[in-house]
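Everything below concerns the one structure shown next.
Where a number appears in this text, it was derived from the coordinates with a stated rule and is not lab data. From a predicted model like this one, the values you see are computed outputs, not experimental measurements. All Cβ positions, glycine included, derive from the backbone under ideal geometry; neighbour counts span all protein chains shown.
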Amino acid sequence: MRVAILAVQGAFIEHRKKLESLGAECIELRKKEDLEQPFDGLILPGGESTVQGKLLRELEMYDSLKEKIESGMPVLATCAGLILLAEHLSNDEHVYFGTLPVTVRRNAYGRQLGSFHTDAEVKGIGEVPMTFIRAPYIETADEQVQVLAHVDDRIVAVQYGAQIGLSFHPELDADSRIHEKFLGLIADCIKNNNCRKN
């Protein structure tokens, strides 16, 4: 099982360490040529979504990754990655991949709660630690989107098909169950032979 991690900017190394500790092979996507390698799943990490979106186009990686996501490749998107997936941003005119039918508010918690830590229930997993760093949250989700977690009545985790979008950073905490869930999605995808590798 090989997972590709978008590594043009942001907090990608922590995802790699977490996945490798669970036995997954990882590759880093830094340039167009990296997409020629086969892989079974994709991580869109935290960081600066505007910068990541710009680099995806400049490095000619955008179209290929969008096609893979639309074709059903499992993707785990955290913080900025959630913004990249969202169909709508309530406080930004940009749309990036637009494959996840939700409306997201960028930098939604403001200065006072710009970064914080809590524990909350994630559907199908249990209570997990959640680290938020200048985080977005999901204002609305289409009815076909499964809401996985709330914090203070705000949606912070969703799943839509093989796409998991999170407001928080599971790679920064010791708990590995969210990454385990993601690897389970990939395993199911491989078993059913519906992953788009290249």
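At an R0 of 41 angstrom, the distance between the Cβ atoms of Leu59 and Glu121 translates into a FRET efficiency of 0.60.
Which loop trypsin sites (Lys or Arg not before Pro) in segment 115-183, with loop taken from DSSP, have no more than 16 other Cβ atoms within 10 angstrom of their Cβ? Passing both the DSSP loop test and the Cβ count: Lys123.
Its convex hull of Cα atoms gives segment 135-198 a direction-averaged projected area, equal to a quarter of the hull surface, of 5.6 nm². For Thr140, the residues 5 or more places off, or on other chains, whose built amide H falls under 5 Å of its own are Thr103. Amide H contacts of Gln163: Val75, each under 5 Å away and 5 or more positions distant or on a separate chain (H built 1.01 Å from N in the peptide plane; Pro and chain starts excluded). By the equivalent-ellipsoid construction on the alpha carbon gyration tensor, the chain comes out with semi-axes of 23, 19, 16 Å, ordered largest to smallest.
For Leu29, the residues whose modelled amide H falls within less than 5 Å of its own, excluding neighbours fewer than 5 places apart on the same chain, are Ile5, Leu6, Ala7.
Helix-only arithmetic for the chain: the sum of -39500 (n - 2.57) across DSSP H runs with n ≥ 4, divided by the residue total, places the mean residue ellipticity at 222 nm at -7000 deg cm²/dmol. On the basis of the beta-carbon distance and an R0 of 22 Å, Asn193 and His88 show a calculated FRET efficiency of 0.10. Here, segment 45-91 has an Rg and a Dmax of 10.6, 28 Å when only alpha carbons are counted.
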